[in-house]
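Undergrad: Below is the structure I would like to discuss, written out as structure tokens.
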Amino acid sequence: VFTWKVGNRIIENNNRIENIAEDEIQQVLQFTPTLEDSKKPLTCQYGERGEQVYSDYITMGIYVMDIPSDPITPGLVKDGDPVTLKVTAGLYPAPAPGDILWEVKEPSGEVVVEMSPGGQDMYGIYRAGEIEVLSESDNLYQFSLDIAVLDQKEVSNIHTVTITTKGIKKTVHFNLALKMTQGDEVEETEEDVHQNPSSVDNNKETKEEEPNPEVLGMEMGLFIIIGIIAVFLILCIIFCIYRRKKKSRSKNSKTYTAVKTNTNMHGQPV
């Protein structure tokens, strides 16, 4: 006979008892513990009826570690602006500051800074926020790292946070990027205009002087067509003049035929 208990609570188990050897039997228990069962003993009592009962147990250590597995991409910010790295995790038992480690490393692997919640570097560039409890009932917590200035060098660094629960460690990576949009260029251009209004007139003159390549192409094509037509007309005119002159010469020309005559030198009739 097998009897299963969690603490003092008996768990029903309808799985059959199997003989696995000549003097060995076993029964499989399928049991889903809850967080309330954490640190309680799971006991198995076994023995024949009316005989000595034996027992064995394990202490259940239940934990929750619901952490993002994919890299986190914070919102885009402009060059030189601050940025905050955040991660939300489901954890049980509740994390302590020593269970959270923020790290910033250079691409070469050299450590720039390491700190736990509440820490700050001597230059005030990095500051790790305190552990924020989002929901005690759902065991949700949030961790954050403030970076005072985000630039190209900072973007190239490696940013991670390592969370430890029940001796199990998981690391979350962050992908940082700078915001480079056409809108930023427009804003910068407007600021330059306010500082130097004359640049607007210069830009307008430049735009007026610079012809549109497409218009130029169309005009050149039109000029070529007109030129071909003009040459053709000139050739036609020259050909007509030549033919008219040729006809006029043929009309005015006369043909003379030589006639043989006898000359009367003595006054006699011929």
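The values are calculated or read from the model by the stated rules, or taken from the named source; none is laboratory data. Since the structure is predicted, the reported quantities are computational estimates derived from the model, not experimental observations. Every residue, glycine among them, receives a Cβ derived from its backbone with ideal geometry; neighbour counts consider all protein chains shown. To get the accessible areas, we keep the full protein, side chains included, count just its heavy atoms, and leave off ligands, DNA and RNA. Shrake-Rupley method; radii C 1.70, N 1.55, O 1.52, S 1.80 Å.
Undergrad: What order do W102, W4 take when sorted by accessible area (1.4 Å probe), most exposed first?
TA: W4, W102
Undergrad: Same structure, new question: Please list Y242, Y123 in order of solvent-accessible area, largest first, computed with a 1.4 Å probe with all protein chains present.
TA: From most exposed to least exposed: Y123, Y242.
Undergrad: So, one more: Measuring from label point to label point, each 7 Å out along Cα→Cβ, what is the F2 to R243 span in nm?
TA: Roughly 11.9 nm, to one decimal.
Undergrad: Take S135 and I226, extend 7 Å from each Cα along the Cα→Cβ direction, and tell me the distance between the two endpoints in nm.
TA: Spacing of the two 7 Å Cα→Cβ label points: 7.7 nm.
Undergrad: Taking the Cα centre as origin and putting +1 on Lys and Arg beta-carbons and -1 on Asp and Glu beta-carbons, what dipole magnitude results for segment 68-171, to the nearest 20 debye?
TA: Around 240 debye, computed over segment 68-171.
Undergrad: Same structure, new question: What is the packing order of peptides 131-142, 49-60, taking the mean over residues of other C-beta atoms within 10 Å and listing the highest first?
TA: The densest-packed peptide leads the list: 131-142, 49-60.
Undergrad: Sort all Cα-Cα distances of segment 11-55 into consecutive 10 angstrom bins from zero, then give the percent of pairs in each bin up to the one containing the longest distance.
TA: Whole-percent P(r) values from 0 Å outward: 20, 46, 26, 7.
Undergrad: Here is the link list: K5/K169; K40/K169; K5/K166; K39/K86. Which ones come out longer than 26 Å on Cα distance?
TA: The answer is K5/K169; K39/K86.
Undergrad: Next question. Could you work out the local net charge near L91, counting Lys and Arg as +1, Asp and Glu as -1, over the other residues with Cβ closer than 9 Å to its Cβ?
TA: Net charge around L91: -2.
Undergrad: At a Förster radius of 22 Å, what calculated FRET efficiency corresponds to the Cβ-Cβ distance of T162 and T73, to the nearest 0.05?
TA: The formula returns an efficiency of 0.70 here.
Undergrad: State the Kirkwood hydrodynamic radius of segment 38-107 in Å, one decimal place, computed from all pairs of distinct Cα atoms.
TA: 17.6 Å
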